[in-house]
């Protein structure tokens, strides 16, 4: 018998796959309102509130990525009982699918969509999901067979997997993140390394010190390095050309036109990764070039939601860590920067390296005081309780300026103090901008 703890999208997907495989299970979610809703769908008898002493008879326990497996309630006496994520069940159901697995601190969602779209443009049957869009187990619930699986994996999903062996494994980049869940950066990176393939091809950035260190490990075989600027990489970018020294010595592919969704400089990394996958999967370069020109980005990832002479407004609600926020800051000047939510890290002073680009900082939410204290000695900071208050004030402030400015919503924090997720936060930000622009 199996136990499923956490009944959001990934948990429901696990349940459906267990049902399809005729497995017996029990389920639970700590959200009483969600349980009340699901009791109308599932038999009340299968709900079991997990206690320290009532989980010892289960064969496996599947836990939602949003729940820490290091909680006391998972102190199980029997060592034979394994705590798993949806990735474990997904992996055990794989047969001969070509899996392209992506992880990293930033850029993994855009990279996942780029590779997925590349395969779709090439008329391949492809499942795209994981930490983005469709839950992993949905790939097996229907009777459809997807020859290719392009999956985004978070550090939480990778925590319990030891035998993952994708056709292509990708680490986009690594920087400080989720230190509210891990002991330190080494603990975080340890989970990410579980994506490394034993017999497939491994792609690593050498633009950050953590990924570069992994790439240099001799025990890792079949690897390709990539970079946005480092000419020692197997594949890198220079003067609008992808320079390829892996598939063909000093081959140069010119990128004439980037989609607007790929223009921020950090997206070069995602483009290079997609090119490498294009070559590894033996797809046509002209299809890759068409994709780069036509690509439509994911919502709330550095999207320009308003533009007029003298003002640009960027919605990057997906920015949930400091490095992501900094990546956005580097693209603009005269920035009215909005930060806030629940901080996962403490090093907000790193933002000060780019203070010459920032005119004002607006902070809100649970970590507002923490962020303000880190920045206020070196930059002007205004504190508010809610995002609604911030939007109203920032639009008034930019209205009286005489220089071209950018309102940049790159929170560098999780959204869980005031919103369900970053998507809801991003949607609300766009809505507030629209409402308040009408009032000016």
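The values are calculated or read from the model by the stated rules, or taken from the named source; none is laboratory data. Everything numeric in this text was worked out from a predicted model, so none of it was measured. Positions of Cβ are backbone-derived with ideal geometry, glycine not excepted, and every protein chain shown enters the neighbour counts.
Might you check whether a residue that is in contact with a strand residue (DSSP E or B) (Cβ under 9 Å, 6 or more places away or on another chain), under 30 Å from residue 16 (Cα atoms) and at pLDDT 95 or above occurs anywhere in segment 200-210? Taking every residue of segment 200-210 in turn, at least one turns out to be in contact with a strand residue (DSSP E or B) (Cβ under 9 Å, 6 or more places away or on another chain), under 30 Å from residue 16 (Cα atoms) and at pLDDT 95 or above. Just to be sure before I move on: is residue 282 in contact with a helix residue (DSSP H, G or I) (Cβ under 7 Å, 6 or more places away or on another chain), more than 26 Å from residue 319 (Cα to Cα) and either in the same structural domain as residue 178 (by TED's automatic domain parsing) or without any contact (Cβ under 8 Å) to a residue 12 or more places away in the chain (or both) in the structure I sent? No, not satisfied. Checking 65, 50 one by one, the residue that is outside any helix (DSSP H, G or I), touching a helix residue (DSSP H, G or I) at 6+ places or on another chain (Cβ under 7 Å), within 30 Å of residue 205 (Cα to Cα) and modelled with pLDDT under 95 is 65 and no other.
Considering the conditions (1) without any contact (Cβ under 8 Å) to a residue 40 or more places away in the chain; (2) over 18 Å from the mean Cα position of the chain (by Cα), residue 287 is excluded by exactly one of them, (1).
If the condition is being under 22 Å from residue 105 (Cα atoms), buried (at least 16 other Cβ atoms within 10 Å of the Cβ) and out of contact with any strand residue (DSSP E or B) (no Cβ under 8 Å at 6 or more places or on another chain), then segment 244-273 contributes 262, 264, 266, 267, 270. Inspect segment 284-294 for any residue being surrounded by fewer than 18 Cβ atoms within 10 Å (Cβ to Cβ) and either on the phi > 0 side of the Ramachandran plot or in a strand (DSSP E or B) (or both) and give the result as yes or no. Within segment 284-294, none of the residues are surrounded by fewer than 18 Cβ atoms within 10 Å (Cβ to Cβ) and either on the phi > 0 side of the Ramachandran plot or in a strand (DSSP E or B) (or both).
Residue by residue, here is whether (1) closer than 24 Å to residue 64 by Cβ; (2) in the same structural domain as residue 348 (by TED's automatic domain parsing); (3) touching a residue at least 12 places away in the same chain (Cβ under 8 Å) holds:
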residue	(1), (2), (3)
98	no, no, yes
126	no, no, yes
136	yes, no, yes
143	no, no, no
199	no, no, yes
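Scanning segment 13-41 for residues that are part of a helix (DSSP H, G or I), under 16 Å from residue 85 (Cβ atoms) and touching a strand residue (DSSP E or B) at 6+ places or on another chain (Cβ under 9 Å) yields 13, 14, 15, 18.
Here residue 32 meets each of (1) under 30 Å from residue 179 (Cα atoms); (2) crowded, with 19+ Cβ neighbours inside 10 Å; (3) not assigned by TED's automatic domain parsing to the domain that holds residue 146 with one exception, condition (2).
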